[in-house]
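*Asks:* Here it is, the structure, as structure tokens.
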Amino acid sequence: METIWTPHRFSGEVLALDVANTVVLRDDPHRTFDRFEQHDEIVRFARAATAFRAEEIGGNTLAVSDPTGAKPRIVALREATDALFRDASASGAVQSERLAPLLDHCARALAAAPVMLAADHAGPKAGQGTIELEAAVAVSALSLLAPDMRRRIRICGNCGWLFLDRSRNGSRVWCDMTVCGNRRKARRHYRRRRGGEGRQVDA
Ligand SMILES: [Zn+2]
């Protein structure tokens, strides 16, 4: 089934976390699935991310020129990103055994797909035209290692996605209030009335 890349699926607020969230319900072995299983979806994600992450990527266009070749590198980078920042968000610290694979997969992506970085902020330089998704994801993941970024990474209280909390007081609990916040409220209401269980997601 084709994914519709809605704004909700870009709730990570930053490209590397949007990519991490392409695995849905990581903590539920029976319901988890990977939106990047099909090569086509990685290409379609790149197209959507070009619009949703325009500011972060310097207004360049994200492309996946060789989906078959890039997919294993993108997936490995995604998994290393999720592992490090999920753990860092929960524990408040970065473990070197999670940092080493992330740096390794960032290096592989950047070696495969060169990109110029901006001089004044953490992101690709504007005006390059087309850049490869894997290079942009690597730059995005590296930017999250800065302590002022890292300490704002949260795990959604409903669906388990990672997101960057840009709110002033740093108190966001949901990746997306309109989806996960409301779902959780509805579920609480349902349980009070019926004693039901279960988690609804619209990932
Ligand atoms: Zn959520």
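The values are calculated or read from the model by the stated rules, or taken from the named source; none is laboratory data. None of these values were measured; they are calculated from a predicted model. Note that each Cβ is placed from the backbone with ideal geometry, even for glycine, and that neighbours are counted across all protein chains shown. All accessible areas refer to the heavy atoms of the entire protein, side chains included, with ligands and DNA or RNA removed. Shrake-Rupley method; radii C 1.70, N 1.55, O 1.52, S 1.80 Å.
*Asks:* Just a yes or no: is a residue in the range 131-139 modelled with pLDDT of 95 or more and more than 21 Å from the chain's Cα centre (by Cα)?
*Replies:* No.
*Asks:* Just to be sure, is Arg9 among the charged types (D, E, K, R) and in a helix (DSSP H, G or I)? Give the steps one after another, and end with the answer.
*Replies:* Numbers: among the charged types (D, E, K, R): yes; in a helix (DSSP H, G or I): yes.
When the stated conditions are applied, Arg9 passes them.
*Asks:* Could I ask something else about it? Of everything in the range 26-46, what is in a loop (DSSP other than H, G, I, E, B) and open to solvent by 10 Å² or more (accessible area, probe 1.4 Å)? Give them in sequence order.
*Replies:* Those that are in a loop (DSSP other than H, G, I, E, B) and open to solvent by 10 Å² or more (accessible area, probe 1.4 Å): Arg26, Asp27, Asp28, Pro29, His30, Arg31, Thr32, Arg35, Glu37, Gln38.
*Asks:* For Leu142, indicate whether it is among the aliphatic types (A, V, I, L, M) and buried (at least 16 other Cβ atoms within 10 Å of the Cβ).
*Replies:* Judged against the criteria, Leu142 is a match.
*Asks:* State which residue pairs qualify: first residue over 21 Å from Val94 (Cα atoms) and more than 16 Å from the ligand (Cβ to nearest atom) and inside the range 130-158, second residue open to solvent by 10 Å² or more (accessible area, probe 1.4 Å) and in a loop (DSSP other than H, G, I, E, B) in any location, beta carbons under 6 Å apart, and separation of 6 or more residues or different chains.
*Replies:* Listed by first residue and then by second, the contacts come to Ile131/Val115; Leu133/Val64; Ala135/Val115.
*Asks:* Asp18 fails exactly one of the following numbered conditions: (1) among the acidic types (Asp, Glu); (2) surrounded by fewer than 19 Cβ atoms within 10 Å (Cβ to Cβ); (3) not in a loop (DSSP other than H, G, I, E, B). What is the number of that condition?
*Replies:* (2)
*Asks:* Taking the condition surrounded by fewer than 22 Cβ atoms within 10 Å (Cβ to Cβ) and within 21 Å of Arg108 (Cβ to Cβ), does Phe85 pass?
*Replies:* So Phe85 does not fit the description; no.
*Asks:* Which residues, counting only those in the range 47-88, are among the small types (Gly, Ala, Ser), within 21 Å of Gly127 (Cα to Cα) and not in a strand (DSSP E or B)?
*Replies:* Ala48, Ala49, Ala51, Ala54, Gly58, Gly59, Ser65
*Asks:* Restricting attention to the range 154-186, which residues are among the aromatic types (Phe, Trp, Tyr) and within 14 Å of the chain's Cα centre (by Cα)?
*Replies:* Trp161, Phe163
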